[in-house]
Amino acid sequence: QQLAFYDQLTGLPNRRLMSERLRYGIELGRRENKRMALLMMDLDRFKAVNDNFGHLAGDELLQQVAKRIQKRLRDVDTVARLGGDEFIVLLKDIIHVDDAARIAEFIVNDLSQPFQLAQSDNVQIGASIGISLYPEHGEDPELLIDHADTALYHAKDAGRGRFAYFSEELTIAVRERIELETRLRRAVNNQELRLYYQPQVEIATGKIIGAEALIRWLDPDNGLIPPNYFIPLAEETGLIETIGEWVVYEACRQGKTWMDLGITDLTLAVNVSPVQFRRCDLNELVMNALRDTGFPAARLELELTESGLMENQEKVVGILNKLREQGIRLAIDDFGTGYSSLAYLKCFPLHVLKIDKSFIDDIPQLKDDMEITATIIAMGKILGFKVLAEGVETLEQLAFLEEKGCDIYQGYIKSKPLPADDFLKLLIENNTLTTIR
Ligand code: C2E
Ligand code: MG
Ligand code: MG
């Protein structure tokens, strides 16, 4: 068994065992609709080590390489030695296409660190990795291996010490995403994130009664970057946990600063990503932020999306009830674009319903949108919610919303999202406040 399926030098599975695991993995992937990645790798400058220090040194190096690769993998993954300085890794059950490249980058980086061998204590090599994906790049073992091999040649061609996918577009797209991720991590550490505030106006009185906090990334090279560019990636990589925590704290801190100036009746709305529901303890986060900043719970509103609510209904209802008990207000964002299920409006403890901008855009040109908007307003009011219209840009839209009994609006017609200082000026002007301490 040992001789037939394992490599004697490194103790890793050999080509035969890898082929079997790959075949089995494909069967399972087909049945359970899962994605896998095959990483074909060879070492740069391995020949030089053999030539300069002898075969014993080469053998020792291969053993250490095997250990470093294994360290990066999960139990379900397989690394095999094909012979010479060629290794192959099978990653099972990966969720995002990018994940394969992330692991490849870790391996390339690990293998670029110096090795300590008996013959020499500072041996530098490198590795290049070619990646093929099941099912994207093939559905049988031979094809996947062939394509990973082709990708490996691309990687070496492009200058070694890097990864390449079988498809060049994919390589480019994933490299860009990984670079953006690195920059975003740096942005978080370097405090390049900002909150802008967009006023929420009570339609009956024209008074600003709240603001939505909207994140911006102030990149030293590229200027102000809007959230649609980086929030999806932050969600994919889990970075949204750190960012989301910062947003809640920063909004509460700013809210408290304004309270201390005498502005006591402003509600601040913060966007919560569905990923935060899944991965963080939202209750604890909010409780800590309120306690540490001294901002009152009743002035904080959390904006949730329909998809976030639908994912794990029972757990979500539990979280929301606790938030509500703390005194926090809850809003449903972009209403009308997701499930828009009446059942959840009834079973989730919500306060505010935000009608998505896409329904407001074509008022008064599109009769259907006007009907839908009027119906959402009527329904929201019957169910006891405050109804807010997003993205109001024209007087006609505003007049229509007023006629239909909408409570609050947000939109460029009043103001774009503003930095905190500018928002304060607008607030004082608009609400003719003179009580600022
Ligand atoms: P959203 O929560 O639906 O925010 C409303 C978006 O509409 C904002 O875009 C706002 O600037 C824009 N908007 C408001 N009024 C108008 C208008 O009259 N005309 C037009 N054309 N646009 C208007 P923004 O700031 O680019 O944010 C986009 C999305 O990014 C947000 O949609 C929200 O889903 C997400 N986002 C923003 N900040 C955060 C955050 O701190 N955390 C999370 N998880 N997501 C955030
Ligand atoms: Mg929002
Ligand atoms: Mg919205």
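The values are calculated or read from the model by the stated rules, or taken from the named source; none is laboratory data. All of these numbers come straight from a predicted model, not from anything done at the bench. Neighbour counts run over all protein chains shown; Cβ positions are idealised from the backbone, glycine included. Quick note on the areas: whole protein, heavy atoms, side chains included, nothing else; ligands and nucleic acids left out. Shrake-Rupley method; radii C 1.70, N 1.55, O 1.52, S 1.80 Å.
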How about the range 230-256: which of its residues are within 16 Å of ligand 2 (Cβ to nearest atom) and either open to solvent by 20 Å² or more (accessible area, probe 1.4 Å) or more than 15 Å from the chain's Cα centre (by Cα) (or both)? Ile231, Pro232, Glu235, Val248, Glu250, Ala251
Would you pick out the residues in the range 38-60 that are surrounded by fewer than 19 Cβ atoms within 10 Å (Cβ to Cβ), at pLDDT 95 or above and under 20 Å from Glu105 (Cβ atoms)? none
Read through the list (1) open to solvent by less than 60 Å² (accessible area, probe 1.4 Å); (2) within 16 Å of ligand 3 (Cβ to nearest atom), then give the number of the only condition that Arg329 fails. (1)
Does Leu320 qualify as being in contact (Cβ under 8 Å) with a residue 12 or more places away in the chain, in a strand (DSSP E or B) and more than 13 Å from ligand 1 (Cβ to nearest atom)? no
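Which ranges mark the helices (runs of 4 or more DSSP H) fully within the range 1-67 that have 3 or more residues being in contact with a Lys or Arg (Cβ under 8 Å, 6 or more places away or on another chain)?
Details: elements: 2-5, 15-32, 46-53.
Here the list reads 15-32.
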Within the range 351-379, tally of residues that are away from ligand 3 (no atom under 15 Å from the Cβ) and over 28 Å from the mean Cα position of the chain (by Cα): 16
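Only one of these is closer than 30 Å to Thr182 by Cβ and touching a residue at least 60 places away in the same chain (Cβ under 8 Å): Glu202, Glu192, Glu212, Glu235. Name it.
Values: Glu202 fails: closer than 30 Å to Thr182 by Cβ; Glu192 fails: touching a residue at least 60 places away in the same chain (Cβ under 8 Å); Glu235 fails: touching a residue at least 60 places away in the same chain (Cβ under 8 Å).
None of the other options fit; the residue is Glu212.
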Just a yes or no: is a residue in the range 290-310 more than 12 Å from ligand 1 (Cβ to nearest atom), free of Cβ contacts under 8 Å to residues at least 40 places away in the same chain, under 20 Å from Phe335 (Cα atoms) and open to solvent by 40 Å² or more (accessible area, probe 1.4 Å)? yes
Which of (1) surrounded by fewer than 20 Cβ atoms within 10 Å (Cβ to Cβ); (2) under 19 Å from the mean Cα position of the chain (by Cα); (3) more than 16 Å from ligand 1 (Cβ to nearest atom) does Arg162 not meet, given it meets every other one? (2)
Those residues of the range 114-125 which are open to solvent by 10 Å² or more (accessible area, probe 1.4 Å), touching a residue at least 24 places away in the same chain (Cβ under 8 Å) and within 15 Å of Asp44 (Cα to Cα) amount to Gln124
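Can we say Glu139 is modelled with pLDDT under 95 and over 26 Å from Ala234 (Cα atoms)?
Working: modelled with pLDDT under 95: yes; over 26 Å from Ala234 (Cα atoms): yes.
When the stated conditions are applied, Glu139 passes them.
Residue-by-condition table, conditions (1) within 16 Å of ligand 2 (Cβ to nearest atom); (2) at pLDDT 95 or above:
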site: Ala297; (1), (2): no, yes
site: Glu303; (1), (2): yes, yes
site: Glu306; (1), (2): yes, no
site: Asn312; (1), (2): no, no
site: Val316; (1), (2): no, no
site: Leu320; (1), (2): no, no
Does any residue in the range 133-153 that is surrounded by 14 or more Cβ atoms within 10 Å (Cβ to Cβ) come within less than 8 Å, Cβ to Cβ, of a residue that is outside any helix (DSSP H, G or I) and among the charged types (D, E, K, R) six or more places away or on a different chain, and which pairs are these? Leu133/Arg35; Tyr134/Arg35; Pro135/Arg35; Glu136/Arg35; Leu152/Asp42
Whether any residue in the range 337-349 is within 14 Å of ligand 3 (Cβ to nearest atom), at pLDDT 95 or above and hydroxyl-bearing (Ser, Thr, Tyr) is what I want to check. no
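Taking the range 209-224 as the region of interest, how many residues are assigned to a strand (DSSP E or B) and more than 13 Å from ligand 2 (Cβ to nearest atom)? Talk me through it step by step, then tell me what you get.
Start the filter on the range 209-224 by keeping residues that are assigned to a strand (DSSP E or B), which leaves 209-219, 223-224.
Restricting the remaining residues to those that are more than 13 Å from ligand 2 (Cβ to nearest atom) gives 209, 216-219, 223-224.
Adding up the residues that qualify gives 7.
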Is it fair to say Gly384 is more than 26 Å from the chain's Cα centre (by Cα), at positive phi and open to solvent by less than 30 Å² (accessible area, probe 1.4 Å)? no
Which residue pairs have Cβ atoms closer than 8 Å, lie 6 or more positions apart in sequence or on different chains, and pair a first residue in the range 160-182 that is within 17 Å of His147 (Cα to Cα) with a second residue that is of a type in the set (A, V, I, L, M, F, W, C) and surrounded by fewer than 17 Cβ atoms within 10 Å (Cβ to Cβ)? Ala164/Ala158
All but one of (1) out of contact with any Cys (no Cβ under 9 Å at 6 or more places or on another chain); (2) surrounded by 14 or more Cβ atoms within 10 Å (Cβ to Cβ); (3) at pLDDT 90 or above hold for Glu169, so report the exception by its number. (2)
Here are the criteria: (1) closer than 22 Å to Met310 by Cα; (2) within 16 Å of ligand 2 (Cβ to nearest atom); (3) not small (Gly, Ala, Ser). Tell me which single one Cys347 does not satisfy. (2)
For a quick check of your reading of the model, give me the residue pairs whose first member lies in the range 394-417 and is free of Cβ contacts under 8 Å to residues at least 40 places away in the same chain, whose second is surrounded by fewer than 21 Cβ atoms within 10 Å (Cβ to Cβ) and part of a loop (DSSP other than H, G, I, E, B), with beta-carbon atoms closer than 6 Å and at least 6 apart or on different chains. Glu396/Pro364; Tyr412/Glu393; Ile413/Glu393
Restricting the range 331-365 to residues that are out of contact with any helix residue (DSSP H, G or I) (no Cβ under 9 Å at 6 or more places or on another chain) and without any contact (Cβ under 8 Å) to a residue 12 or more places away in the chain, which is farthest from ligand 1 (Cβ to nearest atom)? Ala343
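In this structure, is Val392 farther than 19 Å from Asn430 by Cβ, within 16 Å of ligand 3 (Cβ to nearest atom), out of contact with any Ser or Thr (no Cβ under 9 Å at 6 or more places or on another chain) and of a type outside the set (D, E, K, R)?
Numbers: farther than 19 Å from Asn430 by Cβ: no; within 16 Å of ligand 3 (Cβ to nearest atom): yes; out of contact with any Ser or Thr (no Cβ under 9 Å at 6 or more places or on another chain): yes; of a type outside the set (D, E, K, R): yes.
So Val392 does not fit the description; no.
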